[in-house]
Amino acid sequence: WIAFPYKGALHLGKPPIPRESTETYRFPFTSFNILVPHRDPVCERTIHHVLQTVQPDIVHIVHFLGYPLSLFEAVLGTGKPVVMTFHDYYAIHPFYTLEGCGDPREALTPEYSVKVLGSDLSSYVRQRVEFLGRVMEHVPYLTVPSPYLARRLSGVYPNRFSVVEYGIEPFAVPPRIRDWKPFRFGFFGSLLPQKGWDSLLEPFRRVRARHP
């Protein structure tokens, strides 16, 4: 089963699940921005109901954006094995891209909070990190898709993160190109600086200047 919050409801279904599918069950759920509370009675009732209904043998938390932090208490309370996968820096700071932050520990400072959130919410951020640190002590499997992300998270959480790279369907190796024609470069990804697209601008400017 897969559960995910979307448009004021917690959707529950079996994969594959298109977001607008009518084949999912919908339960009441509070919508949050990136600043989620520790508790929310509506969400907690739904989370407990879903866990009791599904009776999972293992729980894999792929992301927890949009959930109150009490999600972890409910999941760990089942006594079932738990896996957590981290794809970004949401465990360190609600502003999960950490733009403009060289050292992850800087994200816990009042200065960074004011910079990205508009006010000093560093107390909330530190309490959140402390809580998640305690949660991770009870989660035996913490996985990340790259050694780089493991190093960044370890700067705040002294835990052992296992690297499990993203998997893709196997495909046939394309034939080698021998007769080169005009070369086209494609970038797939978000237009965020940390995705690396801006590092392509200067080289392509130089190429165009030399080979208009």
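The values are calculated or read from the model by the stated rules, or taken from the named source; none is laboratory data. Computed from a prediction, not measured in an experiment: that's the story for all the values here. No Cβ is skipped: glycine too gets one built from the backbone with ideal geometry, and neighbour counts run over all protein chains shown. The protein model used for the area step is the full one, side chains on, heavy atoms only, and it has no ligands, DNA or RNA in it. Shrake-Rupley method; radii C 1.70, N 1.55, O 1.52, S 1.80 Å.
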Checklist outcome for this item: Taking placed amide H atoms and a strict 5 Å upper bound, the residues 5 or more places from THR143 or on another chain that come that close are MET84, THR85, PHE86, SER162
Checklist entry - Stretch GLN55-ARG206 to full length: gain in nm at 0.36 nm per residue minus the Cα-Cα span? => result 48.5 nm
Next on the checklist: From the P(r) of the chain, could you give the percentage of C-alpha pairs in the tail past 20 Å?
Outcome noted: 68
Checklist entry - By DSSP, what percent of the beta bridges with both residues in the chain are antiparallel, rounded to the nearest 5? => result 55
Checklist outcome for this item: Low-density loop GluC sites (Glu not before Pro), the stretch 88-124, at most 13 other Cβ within 10 Å, DSSP non-H/G/I/E/B, are GLU99
Item to check | 28 Å Cα-Cα reach of LYS7 towards lysines, excluding residues that sit fewer than 8 places from it in its own chain | outcome: LYS195
Checklist entry - Hey, what did the stretch 107-187 get for relative contact order, percent, Cα under 8 Å, at least 6 apart? => result 18
Next on the checklist: Let me check against my output: what whole-number percent is the relative contact order of the chain, with C-alpha pairs under 8 Å and at least 6 apart?
Outcome noted: 12
Next on the checklist: Could you tell me the relative contact order of the stretch 6-85? Use alpha-carbon pairs under 8 Å, at least six residues apart, and round to a whole percent.
Outcome noted: 27
Checklist entry - Say R0 is 22 Å: what FRET efficiency, to the nearest 0.05, do ASP198 and SER146 get from their beta-carbon distance? => result 0.65
Next on the checklist: Between ARG160 and GLU23, what's the calculated FRET efficiency when r is the beta-carbon distance and R0 is 45 Å? Round to 0.05.
Outcome noted: 0.70
Checklist entry - GNM on the chain, C-alpha springs below 10 Å: top fluctuator among VAL139, VAL54, VAL156? => result VAL54
Checklist entry - Largest first, what is the accessible-area ranking of VAL62, VAL82 with a 1.4 Å probe? => result VAL62, VAL82
